[in-house]
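Visitor: Structure incoming, see below.
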Amino acid sequence: MAVTKKDTEYAASLARLGLSEEEKELFTGQLNDILGYIDAINSVDTKDVLPAVFYGPGGAKAFSTPMREDAAVPFKEPKKILGAAPRLEDNMFRVPKILDPEE
Amino acid sequence: MELNTLAAHELAEKLKDKEISCTELIEAVYKRIEAVEPEINAFNTLTKELALKKAKELDDSRPWALNPGPSLRGIPIAIKDNMCTDGIRTTCSSKILENYVPPYNATVVDLVLEAGMIPVGKTNLDEFAMGSSTENSAYKTTKNPWDLKKVPGGSSGGAAASVAADETILSLGSDTGGSIRQPASFCGVTGLKPTYGRVSRYGLIAFASSLDQIGPITKDVTDAALLMNILAKHDPKDSTSANIPSPDYTKSLVRDVKGLKIGLPKELFGEGIDGNIKKSVMEAVEIFEKLGAKVKEISLPSFKHALAVYYIIAPAEASSNLARYDGVHYGRRSDKEKDLMEMYLNTRREGFGPEVKRRIMIGTYALSSGYYDAYYLKAQKIRTIIKEDLEKTFGDVDVMMTPTTPTAAFGIGEKTSDPLSMYLSDIATIPVNLAGIPAISVPCGFDKGLPVGLQIIGRPFDEGTLFRAAYTFESETDFHKRKPAL
């Protein structure tokens with residue numbers, strides 16, 4: 001199945017990735033090349049095969065994720081976390097407007 | 001002999017006997033860094049002041065006598081720049097994390113510090129560990145110490161080059177599809193990808209979570225075993241970390257491969273593998289045979305799909321993991337932020353390089369509605385077939401041996417315009433990550449002056465046998481002792 005420029009634009013919008021016109025052309029071509037190579041896997045018979053996500057390390061079947069106890073561990077220096085934010089206001093992460101008041 | 005050229009286990013003896021001090025050792029390492037780093041470009045960040053301070057503290061306390069076993073206390077170590085270091089910039093060689101200073105340490109960094117090792121700096125990589133040459137770094141291309149016109153491999157190119165150039169004694173790398181073993185092979189050093197779950201991934205900036213694993217890059221096999229003794233530990237903060245006892249890997253450092261059953265997968269000795277590489281690897285296999293190992297050809301038909309399966313699973317997981325770079329909590333944010341959506345689009349457009357964008361695109365496409373079953377689910381099923389193929393083989397053989405890479409180090413710029421040909425350089429290492437099993441690369445020869453690597457693949461959690469085989473080979477050869485003429 002060939003990837004069109006429209007498919008590229010759709011995937012980019014899902015990924016919240018802004019692309020230039022040149023990048024759209026480039027990635028459309030490269031996605032076709034790479035997916036063309038990948039399409040060979042369709043010839044493999046996978047009837048009755050379980051996806052590998054059900055196997056833990058060592059090959060043992062693992063149907064659940066190991067959980068640790070649900071206990072809160074306070075982080076000692078929250079300022080360090082806040083300090084990494086690109087925009088901070090009154091100890092809160094500042095984001096651009098989400099809703100347009102005109103609408 | 002300059003101190004920085006020695007292996008950790010040799011230096012450990014000298015430190016213990018008080019023949020040298022930690023400060024002298026750290027000074028020797030930085031003297032070398034200052035001399036060759038302008039040519040090698042292995043580091044994104046150097047932490048000389050911190051390292052000297054730590055060395056002095058260790059020199060002033062000096063409780064070596066209390067510690068009878070081999071110790072890595074005072075040994076310099078370089079840390080790949082995708083592992084979080086509290087208070088030290090961690091960029092992942094990406095513009096999106098240009099000024100990111102983590103508020104915590106990765107578990108491996110804590111373990112290394114608790115053992116008294118001294119971090120010297122953060123090493124360069126392909127952006128978010130996506131690549132095989134460091135050419136995808138947003139900051140610099142690391143050069144191969146054996147030939148400055150060649151790539152050091154990747155993504156742990158800075159980690160491997162820094163060890164090969166004697167700019168550090170030990171290095172931490174990470175391996176998602178070959179990113180420890182391929183650069184170790186290209187740079188003529190030792191690199192181990194442990195079993196998935198053997199070493200904690202907490203604080204390793206995620207690329208493909210079901211494949212990523214941290215491991216050592218070192219000057220010899222003994223050093224790799226010593227470092228693994230520190231790293232292999234259950235960590236409740238990583239739910240995929242294996243809760244099993246940590247063996248003493250130094251017990252596996254014995255010269256004995258008598259009766260060891262070695263399988264040679266014919267799929268990795270055929271088309272696409274350079275003749276000189278094949279020759280070096282076969283000469284290595286003959287040494288094992290001479291020492292009493294039993295060698296046989298095996299076939300793993302599912303291997304031919306490994307690369308395709310990898311290039312669905314890894315980008316799919318990456319596209320999900322990299323969704324967190326949204327310009328809100330940390331990292332770079334675009335100035336063009338009229339509204340939230342515009343801010344997301346521009347932050348990610350400006351912050352990610354071409355290879356990362358390409359993989360986000362592949363992964364997002366493969367996971368999108370209507371394609372999920374055809375790509376991601378299909379790939380996960382074939383991954384099971386590859387695992388089962390390997391399990392069956394390990395009923396018959398103890399280890400497998402292959403070339404680590406199809407060719408020796410390629411030229412800088414040679415493969416950048418053709419992503420698929422770059423991906424093919426990982427053909428021998430990728431199946432190992434898909435199966436979650438361990439593999440080590442050790443130097444086994446030279447092709448026109450460039451190092452060649454032998455890959456030894458083992459059963460899950462059987463790093464011990466890999467160390468035994470690799471140590472035996474190393475005792476019979478001197479490839480690991482050769483140094484580039486820098």
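Visitor: Please specify each residue of segment B:1-26 satisfying the condition of being β-branched (Val, Ile, Thr) and free of Cβ contacts under 8 Å to residues at least 24 places away in the same chain.
Guide: Matches in segment B:1-26: B:20 only.
Visitor: Then there's this: Can you tell me which residues in segment B:290-315 are surrounded by 14 or more Cβ atoms within 10 Å (Cβ to Cβ) and farther than 26 Å from residue B:210 by Cβ?
Guide: Matches in segment B:290-315: B:291, B:293, B:294, B:295.
Visitor: Among all residue pairs at least 6 apart or on different chains, which show Cβ distances below 9 Å where the first residue, located in segment B:385-398, is touching a residue at least 12 places away in the same chain (Cβ under 8 Å) and more than 20 Å from residue A:51 (Cα to Cα) and the second is hydroxyl-bearing (Ser, Thr, Tyr) and not in a loop (DSSP other than H, G, I, E, B)?
Guide: Short answer, once both residue conditions are applied: B:398/B:465.
Visitor: Hey, another quick one. Give the residues of segment B:262-292 that are under 24 Å from the mean Cα position of the chain (by Cα), aliphatic (A, V, I, L, M) and farther than 20 Å from residue B:303 by Cβ, sorted by residue number.
Guide: Answer for segment B:262-292, where residues must be under 24 Å from the mean Cα position of the chain (by Cα), aliphatic (A, V, I, L, M) and farther than 20 Å from residue B:303 by Cβ: just B:284.
Visitor: Among the residues of segment A:20-36, which ones are at the interface with chain B (Cβ under 7 Å from one of its Cβ atoms) and aliphatic (A, V, I, L, M)?
Guide: If the condition is that a residue be at the interface with chain B (Cβ under 7 Å from one of its Cβ atoms) and aliphatic (A, V, I, L, M), then A:31, A:34 are the ones that fit.
Listed here are the residues, each with its yes/no results for (1) modelled with pLDDT of 95 or more; (2) closer than 28 Å to residue B:98 by Cβ.
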position: A:5; (1), (2): yes, no
position: A:14; (1), (2): yes, yes
position: A:22; (1), (2): yes, yes
position: A:28; (1), (2): yes, no
position: A:55; (1), (2): no, no
position: A:67; (1), (2): no, no
position: A:73; (1), (2): no, no
position: A:76; (1), (2): no, yes
position: A:97; (1), (2): no, yes
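Visitor: Here's something else I'd like to know. Report yes if residue B:371 is at the interface with another protein chain (Cβ under 10 Å from one of its Cβ atoms), under 24 Å from the mean Cα position of the chain (by Cα) and surrounded by fewer than 23 Cβ atoms within 10 Å (Cβ to Cβ), otherwise no.
Guide: Taking the combined requirement at face value, the residue does not satisfy it.
Visitor: If you don't mind, another one. Of all residues in segment B:311-333, which are outside any helix (DSSP H, G or I) and facing chain A (nearest Cβ under 9 Å)?
Guide: Correct list: B:326, B:327, B:328, B:329, B:330, B:331, B:332, B:333.
Visitor: Would segment B:174-191 turn up any residue that is surrounded by fewer than 24 Cβ atoms within 10 Å (Cβ to Cβ), in contact (Cβ under 8 Å) with a residue 60 or more places away in the chain and among the acidic types (Asp, Glu)?
Guide: no
Visitor: Here is a further query. Check whether at least one residue in segment B:169-191 is farther than 29 Å from residue B:459 by Cβ and modelled with pLDDT of 95 or more, and report yes or no.
Guide: yes
Visitor: Within segment B:345-368, work out how many residues are at the interface with another protein chain (Cβ under 7 Å from one of its Cβ atoms) and β-branched (Val, Ile, Thr).
Guide: Result for segment B:345-368: 3.
The values are calculated or read from the model by the stated rules, or taken from the named source; none is laboratory data. All figures in this text were calculated on a predicted structure; none of them were measured in a lab. Note that we place each Cβ from the backbone using ideal geometry, even for glycine, and neighbour counts take in every protein chain shown.
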